[in-house]
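Comments concern the structure below.
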Amino acid sequence: MPDSETKADTKALPKIHLRYFIPYFLIFLLVPLGTFLLGSWIDLVLNLPPFPPFPFNIVFGVIVMLGGAAIGIKATRQLRKVGKGLPWGEAVQASQSSTLVISGIFTYTRNPMTFGYTLLPLGMGLLFRSLGMTLFIPAIVLGVQVIIIKRREEPNLTRRFGEEYLKYKRKTPFLVPSIWMFFAQRRKKMASSKSASRPISPDTS
């Protein structure tokens, strides 16, 4: 683990203040409602057929939604534990991370929360068999997030962490996790585990 993250472990976890948490939590109530209403309206206006067929909509919808939620929650917890920051850090300076998080799920994508939470409306669209929700809403959510990240978050991270962030940015995908990087990390861990468990041969010389 990088030295910066080791030092971060000695610091206290950031406090979650209700005045910031409640608006953040409300997003996860209002966005699904907005997704359903806007997606249904798009289906009606464009006369889109229901897709996918039952019961595949339930299987794929639940898998995508649970996967997206798991990725988003894991990234949020790691940001708080390792980076000592909170998701609304770009809006509230006191909640900004003090350490650049480059391990765990952040090894495979620079924006795991954006990736995970974009999967939620996608899974919702599959579940409700709505092409409007499946195709249009995730694109809108992702587009807004990309603008915020590119115009505000990335320049801010460059200013705060300098070359450390630029190096991380060059080798790590912006959004979609690198499958090859995942398997490479797995092979590396397995190799180091085997090496650690291998008994040391006595010196017979």
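Select from region 89-110 the residues that are part of a loop (DSSP other than H, G, I, E, B) and more than 18 Å from Arg159 (Cα to Cα) and list them in ascending order. Listed by number, the residues that qualify are Ser103, Tyr108, Thr109. With respect to the numbered conditions (1) at pLDDT 95 or above; (2) surrounded by 18 or more Cβ atoms within 10 Å (Cβ to Cβ); (3) more than 19 Å from Ile179 (Cβ to Cβ), which one is the sole condition not fulfilled by Thr99? Going through the list (1) at pLDDT 95 or above; (2) surrounded by 18 or more Cβ atoms within 10 Å (Cβ to Cβ); (3) more than 19 Å from Ile179 (Cβ to Cβ), Thr99 breaks only (1).
Of all the listed residues (Leu86, Leu66, Leu44), the sole one being crowded, with 20+ Cβ neighbours inside 10 Å, hydrophobic (A, V, I, L, M, F, W, C) and either under 30 Å from Arg159 (Cα atoms) or modelled with pLDDT of 90 or more (or both) is Leu86.
Matching residues to (1) modelled with pLDDT of 90 or more; (2) under 22 Å from the mean Cα position of the chain (by Cα); (3) surrounded by 10 or more Cβ atoms within 10 Å (Cβ to Cβ):
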{"position": "Leu142", "(1), (2), (3)": "yes, yes, yes"}
{"position": "Arg152", "(1), (2), (3)": "yes, yes, yes"}
{"position": "Leu166", "(1), (2), (3)": "yes, yes, yes"}
{"position": "Thr172", "(1), (2), (3)": "yes, yes, yes"}
{"position": "Ser178", "(1), (2), (3)": "no, yes, yes"}
{"position": "Ser195", "(1), (2), (3)": "no, no, no"}
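Residue count for region 9-41 satisfying the condition of being surrounded by 10 or more Cβ atoms within 10 Å (Cβ to Cβ), among the aliphatic types (A, V, I, L, M), within 20 Å of Gln93 (Cα to Cα) and more than 21 Å from the chain's Cα centre (by Cα): 0. Of the residues making up region 69-77, not a single one is crowded, with 19+ Cβ neighbours inside 10 Å, over 13 Å from the mean Cα position of the chain (by Cα) and at pLDDT 85 or above.
The values are calculated or read from the model by the stated rules, or taken from the named source; none is laboratory data. None of the values given here were measured: they were computed from a predicted structure. All Cβ positions, glycine included, derive from the backbone under ideal geometry; neighbour counts span all protein chains shown.
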